[in-house]
Amino acid sequence: MVSKLSIILFSGTTDKILSAGVLSQAGAAMGSEVRIFVTFWGLLSFTKGEKKMMLPKEFEQMGPVFMQGMAREHVKSWYEMIMEAKEFGAKVYACSMACGVMGIKREDLDPIVDDMVGAAAFLQQAEGGQTLYI
Amino acid sequence: MVSKLSIILFSGTTDKILSAGVLSQAGAAMGSEVRIFVTFWGLLSFTKGEKKMMLPKEFEQMGPVFMQGMAREHVKSWYEMIMEAKEFGAKVYACSMACGVMGIKREDLDPIVDDMVGAAAFLQQAEGGQTLYI
Amino acid sequence: MVSKLSIILFSGTTDKILSAGVLSQAGAAMGSEVRIFVTFWGLLSFTKGEKKMMLPKEFEQMGPVFMQGMAREHVKSWYEMIMEAKEFGAKVYACSMACGVMGIKREDLDPIVDDMVGAAAFLQQAEGGQTLYI
């Protein structure tokens, strides 16, 4: 039985985007249908160009520990993890409404994004599976 | 088949409350049974009186872009979106324990709230559907 | 029918950990199979030693109201709530990858943690239930 994992990626800090990457990769590798719906602040990291590291204010001082630990443990970047999930069939969607609000056009989106969709369409596809709001 | 969408709205920043509004409205409009359980910081926007705009510290400087984009795209306020969801049958509940902790009485709640309930009762109603923690 | 409630506890602020405690306790008390997967910043409160109170920057000034309200309403600490959930059979897991990144060894973990597991194993166990990302 193929299960479904849907992720609404609202957050824009790197720790949460990395977490979405880990879960997508883990889900896709074990055979789940994975879909990521990137919205709001999450979109800032899914446009073309450099991906900036940003941590939540409360844990900013943990930045160096976090970075060193990632390097020491050979943890891949969130971008690489999502690319791996896509090799297993995962799809990445950008929220059409949030793109409109933030003035992001289709051609501004990073090629990792498969399509722009609305929230209602995404919720419909998520039916019958697990949905995480990150 | 009518599906269920349950939202635990814990966050108190306007971006997340707006996101809860979008998802509630989208879910309710496509025929899902929608229930919102407002708790903790979320409650600060569900009492009577003016709703203050508040963004997370990390993205505070994006406030003006956010507001202008909402106006340009004619995006409704979260309050209007939840009211629309309610016209389709959505219900808004306030967490009884969190109201107690924050000293919020029933008569302090905005009329958009249908009832006060406990976490266990809410979880029970959410069974068999999608539950998002926002 | 026994239902399942799985919680991915990513956040490290006390308000969210408390919320995970409330939901775990409520779910376990009503007969659900409850599993908590502690990852990232959440892990900082699941190592041995003193648990520090930390609130999100946006609501820091609400700290005293929050603490007084908890005391007045006799709300238990999150640790006691999770211990109660465990008496009903709940399990607490630490994310093995995040422990590696943060340099946390098995012997550093608080005894409230039952085991270290990977994200894929946790997602597999969550199948067919509700999963909350906190």
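Summary table below
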read-out: Residue check, A:Glu60 over 17 Å from the mean Cα position of the chain (by Cα) and either in a helix (DSSP H, G or I) or not hydrophobic (A, V, I, L, M, F, W, C) (or both); value: yes
read-out: Residue check, B:Ile8 crowded, with 17+ Cβ neighbours inside 10 Å and within 14 Å of chain A (Cβ to nearest Cβ); value: yes
read-out: Those residues of the range B:45-74 which are farther than 30 Å from A:Ile104 by Cα and either crowded, with 19+ Cβ neighbours inside 10 Å or polar (S, T, N, Q) (or both), in sequence order; value: B:Phe46, B:Thr47
read-out: Yes/no for C:Lys91 being without any contact (Cβ under 8 Å) to a residue 12 or more places away in the chain and of a type outside the set (Phe, Trp, Tyr); value: no
read-out: Breaking point among (1) more than 14 Å from chain B (Cβ to nearest Cβ); (2) over 28 Å from B:Leu55 (Cα atoms); (3) not β-branched (Val, Ile, Thr), for C:Glu33; value: (1)
read-out: Qualifying residue in the range C:64-74 (condition: within 10 Å of chain B (Cβ to nearest Cβ) and small (Gly, Ala, Ser)); value: yes
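Just so you know, all these numbers are worked out from the coordinates, no wet-lab data involved. On a predicted model such as this, the values are computed, not experimentally measured, just so you know. Every residue, glycine among them, receives a Cβ derived from its backbone with ideal geometry; neighbour counts consider all protein chains shown.
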